[in-house]
Amino acid sequence: MLEIENLVVSINGKTILKELSLSVGQGQIMTLFGPNGSGKTTLLKTIMGFPACKVVSGHMLFKGEDITSLGMDERGRRGIGLAFQTPPVVRGVKLKDVLSVTMGKRGVISEEKIVSDAQRLKLADFLCRDINHGFSGGEIKRSELLQLLAQNPDLLLFDEPDSGVDLENIKLIGDVINDLLGKGKVREKKKKSGLIITHAGYILEYVNPDKACIMIEGSIRCIGNPRDILKEIQQHGYEECVRCLSSK
């Protein structure tokens, strides 16, 4: 689904990602751990094609196509979707309108589905409100998921879906992420893939990733079992990861 090779990315002249390589297979869910400032969000924004993230070298393949030079809109049309950690407030645009337009781009126009998805995410009363205006942290996270449901992408990028929300919201968010990624289907029949950034690991109580990796100073350093890696982080912190890597 996604293949990244030797990616170097800078923002405002400062190098953030350094010779980063990563692959996510079709139907696979990967969790990305790392301390603050390690470049996790920059990686997702680079995959999505944010203009501020300048690719200095390396390339990215999505379904075998080189997307390194494509714009955000082209990547979205090809099937990449991003749920922001802190999405912006969009004044003057109703939530239901962006959902209708997004579904229409897929050739789907269903008022019933919009209402049904909004009810599931407890956002039925928010459809006629400006996007994220006056929303709580949990409501904003659910709004992001509602928009992803409308887009129905093949590669889903989640930037800390478990941050700033209570336990009830995390469970609901986890359940919807599982549905988006095809939980319950055998791996060979899964069509969608996910890359989930988490700092505290709460989302792992509800979503079961296939593998996890740790990002340190702009590079992928360790890849392994998600729960084993989370346990090590919880017990020893990221400082131990840095010491371990420095000793090799």
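The values are calculated or read from the model by the stated rules, or taken from the named source; none is laboratory data. Quick caveat: nothing in here was measured; it's all calculated off a predicted structure. All Cβ positions, glycine included, derive from the backbone under ideal geometry; neighbour counts span all protein chains shown.
Before we move on, is LEU82 closer than 30 Å to ASP179 by Cβ, outside any helix (DSSP H, G or I), touching a residue at least 60 places away in the same chain (Cβ under 8 Å) and of a type outside the set (Val, Ile, Thr)? It is true that LEU82 is closer than 30 Å to ASP179 by Cβ, outside any helix (DSSP H, G or I), touching a residue at least 60 places away in the same chain (Cβ under 8 Å) and of a type outside the set (Val, Ile, Thr).
If you scan region 122-143, which residues turn out to be of a type in the set (Ser, Thr, Tyr) and at pLDDT 90 or above? Across region 122-143, the qualifying residue is only SER143.
How about region 225-242: which of its residues are within 21 Å of the chain's Cα centre (by Cα) and on the phi > 0 side of the Ramachandran plot? Listed by number, the list is empty, since nothing qualifies. Closer than 15 Å to ASP154 by Cβ and either modelled with pLDDT of 95 or more or polar (S, T, N, Q) (or both): is that true of GLN26 in this structure? Considered against the rule, which asks whether it is closer than 15 Å to ASP154 by Cβ and either modelled with pLDDT of 95 or more or polar (S, T, N, Q) (or both), GLN26 comes out as yes.
Within the set LEU70, LEU121, LEU61, the sole residue that is buried (at least 19 other Cβ atoms within 10 Å of the Cβ) and not hydroxyl-bearing (Ser, Thr, Tyr) turns out to be LEU121. Summed over region 18-47, residues that are of a type in the set (A, V, I, L, M) and touching a helix residue (DSSP H, G or I) at 6+ places or on another chain (Cβ under 6 Å) total 1. For the condition over 19 Å from GLY92 (Cβ atoms) and either modelled with pLDDT of 95 or more or crowded, with 16+ Cβ neighbours inside 10 Å (or both), LEU146 does not qualify. Is it true that some residue in region 41-57 is touching a Gly at 6+ places or on another chain (Cβ under 9 Å), modelled with pLDDT of 95 or more, surrounded by 21 or more Cβ atoms within 10 Å (Cβ to Cβ) and of a type in the set (Gly, Ala, Ser)? Yes; the residues of region 41-57 include at least one that is touching a Gly at 6+ places or on another chain (Cβ under 9 Å), modelled with pLDDT of 95 or more, surrounded by 21 or more Cβ atoms within 10 Å (Cβ to Cβ) and of a type in the set (Gly, Ala, Ser).
The requirement of being surrounded by fewer than 20 Cβ atoms within 10 Å (Cβ to Cβ), in contact with an Asp or Glu (Cβ under 9 Å, 6 or more places away or on another chain) and within 20 Å of SER116 (Cβ to Cβ) is fulfilled somewhere in region 150-171, by at least one residue. Once region 13-36 is narrowed to residues that are in contact with a strand residue (DSSP E or B) (Cβ under 9 Å, 6 or more places away or on another chain) and part of a loop (DSSP other than H, G, I, E, B), the residue that is surrounded by the fewest Cβ atoms within 10 Å (Cβ to Cβ) is GLY13.
Restricting region 37-47 to residues that are assigned to a loop (DSSP other than H, G, I, E, B) and in contact (Cβ under 8 Å) with a residue 12 or more places away in the chain leaves a set whose member that is farthest from the chain's Cα centre (by Cα) is SER38.
Checking each residue in region 62-79 for being out of contact with any helix residue (DSSP H, G or I) (no Cβ under 8 Å at 6 or more places or on another chain), within 19 Å of GLY104 (Cβ to Cβ) and either of a type in the set (Lys, Arg) or not in a loop (DSSP other than H, G, I, E, B) (or both) picks out ASP73, GLU74, ARG78.
Scanning region 48-95 for residues that are over 19 Å from the mean Cα position of the chain (by Cα), among the basic types (Lys, Arg) and closer than 23 Å to GLU19 by Cβ yields a single hit, LYS54.
Residue count for region 197-248, restricted to those that are modelled with pLDDT of 85 or more, out of contact with any helix residue (DSSP H, G or I) (no Cβ under 7 Å at 6 or more places or on another chain), of a type in the set (Val, Ile, Thr) and over 24 Å from ILE170 (Cβ atoms): 2. For region 187-203, the candidate set comprises residues that are of a type in the set (A, V, I, L, M) and within 14 Å of the chain's Cα centre (by Cα); within that set, the residue that is farthest from THR31 (Cα to Cα) is ILE203. For region 85-107, does any single residue satisfy the condition of being part of a loop (DSSP other than H, G, I, E, B) and farther than 26 Å from HIS199 by Cα? Within region 85-107, one or more residues are part of a loop (DSSP other than H, G, I, E, B) and farther than 26 Å from HIS199 by Cα.
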